[in-house]
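Novice: Supplied in structure tokens, the structure appears directly below.
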Amino acid sequence: MRFIHTSDWQLGMTRHFLDPDDQARFSGARDEVVRRVGAVARERGAAFVVVAGDVFETNVLGPRTVGRALDALRAVPVPVYLLPGNHDPYGPGSVYQSAGFRSQCPPHVHVLAESSVLPVSDEMELIGVPWTSKRPAEDLVARCLAELPSRQARYRVMVAHGQFESMGSQFSPALIDRSPLEAEIQAGQLHYVALGDRHSTTAVGDTGRMWYAGAPEATDYDEVDAGNVLVVDLSPGDIRVTPVRVGTWRFIAQMLDVRQGEAAAIVRAWLAAVPAKSTTIVRLTLRGTIGVLDRAQVEAAIDEARQLFAAVERPTHHDEVAVVPDGGAFSDLTLSGFQRQAFEHLMAGAQAHGPDVQVYQDALALLYRLGRAP
Ligand SMILES: [Mn+2]
């Protein structure tokens, strides 16, 4: 018995650092990855697909987002089971009950709207553990397990969403206790737990039967292994879980060590080496001692890179750099009249170590770039 486990599609996600056209590509990629999930299901002969929560980024979505998602789902050649998660909890205001979703939902797409046993074939029963509010007051998995009837099919698979108590998450009454799940698995009553919420592909515990699929398209910098779906093979007494790469976007947070006189070259070289720039979002910070000129050249290099990358974020307040006011660096600029006066004023401010030193440095860097502009 082979099926696909995925989660956290986050359809409709917006990112503030993306320009409108990049946002459109980012959104389009999330629809496309649904089609790729369908292609993996076809190529690998999977019987069905489970999506373990956060199918949608929010319950408040435009009709185009919902329409395009359902259109992409239409292309998946096997049944798809969608679990409402914390971003898209099931209820009267949910996307799943909206007129658009209900009228356009293809017949092979099903919402796991309640915690009950759903026979999906002679061999397989699914148990969805949907979220019905953003803040459940209890461990939904534990409650579901306590009320489960005995297994009827050969295999039983649970589809759930949330964090475990042991994984260093902030306390919440909704945290999942691992032990009753592991007891069911040890007893041979539960063969796989398809989890969502962590956006990195992660095995939980050592039974080999509890996995977070991770988001099939990356959503943030802190994800260590996003971009996969899992092909799950169940056979009597055995399991095999195979991650398959489907993602096309990447987030990279990088701190670069820089040196005076070489900072821009270091930054340029690093940026140049990043592959697939148009689908890569970078957050770049610097560490080291640089000059005002370096600083200006670095920002100019980053401005150039912004033409190629989906986004380059520069949270300069996270830099660990000491900026040396190296006035000589400006000697290659032809400054005259008020420019010269401005330069002298700013350089004095940058060298004064006052509370506004950062402002003077920024202004000097800007002056340098303007002074070099054609
Ligand atoms: Mn999520």
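Any read-out appearing in this document is the output of simple, stated calculations on the displayed coordinates, not a laboratory observation. What you see is a predicted model, and the numbers here were worked out from it, not measured in a lab. Note that we place each Cβ from the backbone using ideal geometry, even for glycine, and neighbour counts take in every protein chain shown.
Novice: With both partners inside segment 158-306, how many of the DSSP beta bridges are antiparallel, as a percent to the nearest 5?
Specialist: Here the share of antiparallel DSSP bridges comes out near 35 percent.
Novice: Let me ask something additional. Find how much the distance from Gln97 to Val117 grows on full extension, using 0.36 nm per residue of separation minus their present alpha carbon separation; answer in nm with one decimal.
Specialist: Numbers: separation 20, 0.36 × 20 = 7.20 nm, distance 2.10 nm.
Result: 5.1 nm gained on full extension.
Novice: Can you work out the FRET efficiency for the pair Gln152 and Arg240, with r the C-beta to C-beta distance and R0 = 25 Å, to the nearest 0.05?
Specialist: For Gln152 and Arg240, the calculated efficiency is 0.55.
Novice: Spin-label point model (7 Å from Cα, Cβ direction): what's the Ala47 to Arg25 distance in nm?
Specialist: In this crude spin-label approximation the distance works out to 4.1 nm.
Novice: Now, a different point. Pulled fully out, how much extra length does the chain show between Leu370 and Thr207, if you take 0.36 nm times their separation in residues and subtract their Cα-Cα distance?
Specialist: Additional length available on full extension: 52.6 nm.
Novice: Also, quick follow-up: Nearest 5 percent is fine: what portion of the DSSP beta bridges confined to the chain is antiparallel?
Specialist: Numbers: 17 of 59 bridges.
Roughly 30 percent of the beta bridges in the chain run antiparallel, per DSSP.
Novice: If I model a spin label at Ala137 and Arg64 as a point 7 Å from the Cα along the Cα→Cβ vector, what separation in nanometres do I get?
Specialist: Between Ala137 and Arg64, the simple spin-label model gives 4.1 nm.
Novice: So, counting K/R as plus one and D/E as minus one, what does the shell of residues with Cβ under 11 Å around Met255 add up to?
Specialist: -1
Novice: For segment 2-245, what's the relative contact order in percent, using C-alpha pairs closer than 8 Å and at least 6 residues apart? Working shown, then result.
Specialist: Values: 549 pairs, mean separation 48.1, N = 244.
Value for segment 2-245: 20 percent.
Novice: What net charge is computed for the residues neighbouring Gly12, neighbours being all others with C-beta under 11 Å from the C-beta of Gly12, Lys and Arg scored +1, Asp and Glu -1? Show your work: numbers first, answer last.
Specialist: On the way: positive: Arg30, Arg64, Arg68; negative: Asp31, Asp54, Glu57, Asp88.
Once all neighbours under 11 Å are counted, the net charge is -1.
Novice: Separate question: For the chain, what is the calculated [θ] at 222 nm in deg cm²/dmol (nearest 500), taking -39500 (n - 2.57) for each run of four or more DSSP H residues and dividing by its residue count? It would help to have the intermediate numbers written out before the result.
Specialist: On the way: 9 runs with 114 residues, N = 374.
That comes out to -9500 deg cm²/dmol.
Novice: Using only Cα atoms, tell me the angle between helix 263-273 and the longest principal axis of the chain; keep it within 0 to 90° and round to the nearest 10.
Specialist: The two axes meet at around 30 degrees.
Novice: Just subtract the alpha-carbon distance of Ser166 and Gln351 from 0.36 nm times their residue separation and send over the number in nm, one decimal.
Specialist: 61.5 nm
Novice: What are the extents of the Cα atoms of segment 96-160 along their three principal axes, listed from largest to smallest and rounded to whole Å?
Specialist: Extents along the principal axes: 36, 34, 13 Å.
Novice: Same structure, new question: Using only the alpha-carbon atoms of the chain as identical scatterers, what base-10 log of I(q)/I(0) does the Debye formula give at q = 0.15 Å⁻¹?
Specialist: Values returned for q = 0.15 Å⁻¹ are -1.18.
Novice: Quick check: net charge around Ile185, other residues with Cβ under 14 Å of its Cβ, Lys/Arg +1 and Asp/Glu -1?
Specialist: Neighbourhood net charge equals -1.
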